[in-house]
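Worksheet: the structure to be examined is printed underneath.
Nothing in this text is a laboratory measurement; each read-out follows from the coordinates by a stated rule. On a predicted model such as this, the values are computed, not experimentally measured, just so you know. Neighbour counts are summed over all protein chains in view; Cβ atoms, including those assigned to glycine, are modelled from backbone coordinates with ideal geometry.
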Amino acid sequence: MTDDQAVVFEARGVSKAYGTVRALTSVDLAVRAGQITCLLGDNGAGKSSLIKVLSGVTAPDGGTLAVDGEPVRFADPRDALDRGIATVFQDLAMVPALPVYRNFFMGHEPVRGRGPLARFDKRKARAITEEQLASIGIRLTDPERPISTLSGGERQSVAVARAVYFGARVLLLDEPTSALGVRQAETVLRYAVRAKRQGVGVVLITHNAHHAWAVGDRFVVLKRGAVAIDAAASDITLDELVRHMAGGEEVTQMRRDLREIL
Amino acid sequence: MAIAHMTAPGRRALLRPELTAVASTVVVFVIFAVAGGDDGFLSALGIRNVFQVSATIGIVAAPMTLLMVAGEFDLSVGSTVGAAEIVFGYAVVHGWSLWSALLLTLAVCAAIGLVNGILSVRTSIPSFLVTLATMFIVAGGAAAIANGNLGGTTIAGVTDALDGDPLLSLFKGNITDWFPVAAAWWLVLSVLAAWVLGGTRFGNWISVTGGARASAERAGIPVARVKILMFVLAAAGAGLSGVLAALGTNTANAADGSSLQFEVIVAAVIGGTFLFGGLGTPIGTVFGALFFGLVYQGFYFTDIDTNWFQALLGILLLIAVTSNNTAREFTMRRLRDDR
């Protein structure tokens, strides 16, 4: 794939340690507008440490983050959001019992009138929510329906739609497909592609190489807190990707060990 | 099943959290109307008393519902009622006018709420424990201060001291012979609370604060301030309830309201409010408070030994709360299956 799109968000030599445990060692990551960058790695490879740094949850010990080439320091996720870096966390940050539109607009409610008791313009909120969801193929029969009655894939898609609607330039998707079946994972991936086509720089964090391969433009594999692979889709095959993710020689060794036991 | 074929408004009615509260209240009303209707339960005075008892609970329960939606509890509202009565009574028998004594009382209560709020939000101690502690502090403090200054924990002649005060009719007596003025406060405050929760931006902040705190913070909602304000409102509701009670009986009593916190919280739960935040309806709570009023008053018009009262109350509460949960789970499951 093309590497000529502008880098909108970048990690340069980011390091992070928890006590004596080095979670990240000098990690570079470039997020380009209109591309899906897949961040892969086994459990414990440093994926969650990196997403915490990128989303503003924690500050890196070393290295810098840059938005549009300009170094930034995030105080908290809200700060990152103000810069256009939106994260869809695994918990999705939804209130299950509230209607979809109330979740969609949380903290960004359209209002009529002024002051702290400004009226929540529910008609507008419902109309926009319905329109946004219709564009990703979710039809709401009843706008007052609690979001907990949507399927897992649909809730993920709502979370992504919300981030894009509120102006995300970079979307960090934290394991969006890990708890989903094939059909539902497809819904979410399709929406990640749609966000990319709208010019959003998408980072898809996953340990499923097949999901990544289906939509990724660029693949970054983390191993023991460092970048092991950073390759465009045209420079790597799915087999290579799977082998690197699984740890290459380590897997061969594991197979040998298991065979001896069995 | 049938829900799949129902129209949107039909499904919505089933999803209303207050649905079972309305049903429970109607059932309780019918039971006592049959059992005690001939003995005065259905008389103007009987109905007035139902409303009076419901209002005492409901005026505190309306802001408590918002506090619970915001994900917190306040167990100190009961002792705050007693403290409010002492503050208000002490002021008026020393010549304060109604409005100035009312403002003083509300300010003292708001300060109690502020302490509850700040302690709950700034420490990691659950509000259940923080307000359990302030419940004892406020109750003990009010009784001791009253006893030290007045030689007793009650103040007589509260209403008499305000004879001729132009505002007195707003806080005492009846609008008609079956509808006390306290009930008007209760209904107006409940409708106001419902409007704030359902109709304003701030209301959505309350729900999100209690339902998904982390994401509320990420969305820029001032979670701590929302919670603290709700604690202040709950305490102020207790203050108004105490003032109305003192004026109704002509006596301020530090021991009044000593178990009100349970009735208030249970009224909200019967009305469909989640115990763990994120969902609740002040209109449902109106029916929860009415449920209490009907049971308390209705019981005395039946032939049942009054010793059974608490046991019966407990059984009725279990039935009401269980049917609430069952109805909700059933509806949610059906809605999910529809998709």
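So how strong a dipole does chain A carry about its Cα centre when Lys and Arg Cβ are +1 and Asp and Glu Cβ are -1, to the nearest 20 debye?
It comes to approximately 980 debye.
Could you tell me what fraction of 2.2 N^0.38 Å the Cα radius of gyration of chain A comes to, as a two-decimal ratio? Don't skip to the end; give the middle numbers.
Working: Rg = 19.7 Å, N = 262, 2.2 N^0.38 = 18.3 Å.
Against the compact-globule rule of thumb, the ratio is 1.08.
What's log10 of I(q)/I(0) for chain B at q = 0.06, 0.07, 0.08, 0.15 Å⁻¹, Debye sum over Cα points only, no solvent?
-0.22, -0.30, -0.39, -1.28
Which whole number gives the average, over all residues in B:214-224, of C-beta atoms from other chains lying within 10 Å of the residue C-beta? Walk me through the numbers before you get to the answer.
Details: counts 4, 11, 4, 5, 14, 11, 8, 5, 1, 0, 0.
Taking all residues of B:214-224 together, the mean is 6.
Just need the Rg to Rh number for region A:1-110, please, alpha carbons only, Kirkwood Rh.
1.01
What Kirkwood hydrodynamic radius do you get for the protein assembly as shown when you take the inverse of the mean 1/r over all pairs of distinct Cα atoms, in Å?
27.3 Å
Tally Lys/Arg at +1 and Asp/Glu at -1 over every other residue whose Cβ is under 12 Å from the Cβ of A:Leu172; what's the total?
Summing Lys/Arg as +1 and Asp/Glu as -1 gives +1.
So for the protein assembly as shown: antiparallel DSSP bridges make up what percent, rounded to the nearest 5? Can you show the working numbers first?
Working: 31 of 49 bridges.
Roughly 65 percent of the DSSP beta bridges within the protein assembly as shown come out antiparallel.
Let me spell out the model: positive unit charges on the Cβ of Lys and Arg, negative unit charges on the Cβ of Asp and Glu, origin at the Cα centre of region B:40-326. What dipole size does that give, in debye rounded to 20?
Details: 8 positive and 12 negative charges, 195 e Å.
Taking the Cα centre of region B:40-326 as origin, the dipole is about 940 debye.
Summing Lys, Arg as +1 and Asp, Glu as -1, what charge do residues with Cβ under 15 Å from the Cβ of B:Glu72 carry, B:Glu72 excluded?
With Lys, Arg at +1 and Asp, Glu at -1, the neighbours total +3.
Pairs B:Lys172/B:Lys227; A:Lys52/A:Lys196; A:Lys52/A:Lys223; A:Lys52/A:Lys122: which are spaced more than 28 Å apart, C-alpha to C-alpha? Don't skip to the answer; put the middle values down first.
Values: B:Lys172/B:Lys227 32 Å; A:Lys52/A:Lys196 22 Å; A:Lys52/A:Lys223 17 Å; A:Lys52/A:Lys122 34 Å.
Over 28 Å apart, Cα to Cα: B:Lys172/B:Lys227; A:Lys52/A:Lys122.
What distance in nm lies between label points placed 7 Å from Cα along the C-beta direction at B:Leu129 and A:Arg12?
With each label point 7 Å from Cα toward Cβ, the separation is 4.7 nm.
Work out which helices of chain B, taken as complete DSSP H runs, extend at least 30 Å along their axis over the Cα atoms and score a mean Kyte-Doolittle of 1.6 or more, then list them.
B:98-122, B:223-249
Projected onto the charge dipole of region A:37-119 (+1 at Lys/Arg Cβ, -1 at Asp/Glu Cβ, origin at the Cα centre), which of A:Pro60, A:Ala93, A:Gly107 gives the Cα projection farthest towards the positive end?
About the Cα centre, the residue reaching furthest to the positive side is A:Gly107.
To one decimal place, what Kirkwood hydrodynamic radius in Å is obtained for region B:3-162 from all pairs of distinct Cα atoms?
Numbers: mean 1/r = 0.0521 Å⁻¹.
Hydrodynamic radius (Kirkwood, Cα pairs) of region B:3-162 is 19.2 Å.
As I understand it, the value is the acute angle between the Cα axis of helix A:249-261 and the longest principal axis of the Cα atoms of chain A; what does it come to in degrees, rounded to 10?
Tilt relative to chain A: about 70 degrees.
With springs only between Cα atoms under 10 Å, which of B:Ile31, B:Ile265, B:Ile59 fluctuates most in a Gaussian network model of chain B?
Of the options given, B:Ile31 has the highest mean-square fluctuation.
Can you tell me what share of the DSSP beta bridges in chain A is antiparallel? A percent to the nearest 5 is fine.
Looking only at bridges with both residues in chain A, the antiparallel portion is about 60 percent.
Hey, in the GNM for chain A with a 10 angstrom Cα cutoff, which one of A:Glu144, A:Glu175, A:Glu130 fluctuates hardest?
A:Glu144
Per-residue Cβ counts within 10 Å, from other chains only, averaged over A:98-104: what number is that?
Mean number of neighbouring Cβ atoms from other chains: 3.
Taking the dipole about the Cα centre of chain A, with the C-beta of Lys and Arg at +1 and of Asp and Glu at -1, give me whichever of A:Gln156, A:Thr25, A:Val220 is farthest to the positive side.
A:Gln156
Please report the Cα spread of region B:87-216 along all three principal axes, rounded to whole Å, starting with the longest.
So the extents along the principal axes, rounded to whole Å, are 53, 39, 24.
Using a 10 Å cut-off around each Cβ of peptide A:132-145, what is the average number of partner chain Cβ atoms that fall inside?
Partner-chain Cβ atoms within 10 Å, mean over residues of A:132-145: 2.
Counting Lys and Arg as +1 and Asp and Glu as -1, each charge on the Cβ, what is the dipole of the protein assembly as shown about the Cα centre in debye, to the nearest 20?
1480 debye
Can you tell me the length gained on complete extension of the stretch A:Glu260 to A:Arg78, counting 0.36 nm per residue apart and subtracting the Cα distance?
Working: separation 182, 0.36 × 182 = 65.52 nm, distance 5.25 nm.
That pair, A:Glu260 and A:Arg78, stretches by 60.3 nm at full extension.
Of the residues A:Leu140, A:Leu173, A:Leu50, which exhibits the maximal mean-square fluctuation in a Gaussian network model of chain A defined by a 10 Å Cα contact cut-off?
A:Leu140
Could I have the simple spin-label model distance between A:Ala179 and B:Phe276, label points 7 Å from Cα toward Cβ, reported in nm to one decimal?
So the label points at A:Ala179 and B:Phe276 sit 1.3 nm apart.
Would you mind calculating the gained length between A:Ala231 and A:Ser148 on full extension (0.36 nm times residue separation, minus the Cα-Cα distance), in nm to one decimal?
Residue separation times 0.36 nm, minus the Cα-Cα distance, leaves 26.0 nm.
Would you be so kind as to identify which of B:Val87, A:Ile36, A:Leu140 lies farthest towards the positive end of the dipole of the protein assembly as shown, taking Lys and Arg as +1 and Asp and Glu as -1 on Cβ and the Cα centre as origin?
Farthest along the dipole direction, towards plus: A:Ile36.
Please determine, in degrees from 0 to 90 and to the nearest 10, the orientation of helix A:182-197 with respect to the longest principal axis defined by the Cα atoms of chain A, where the helix direction is its Cα long axis.
It works out to around 80 degrees.
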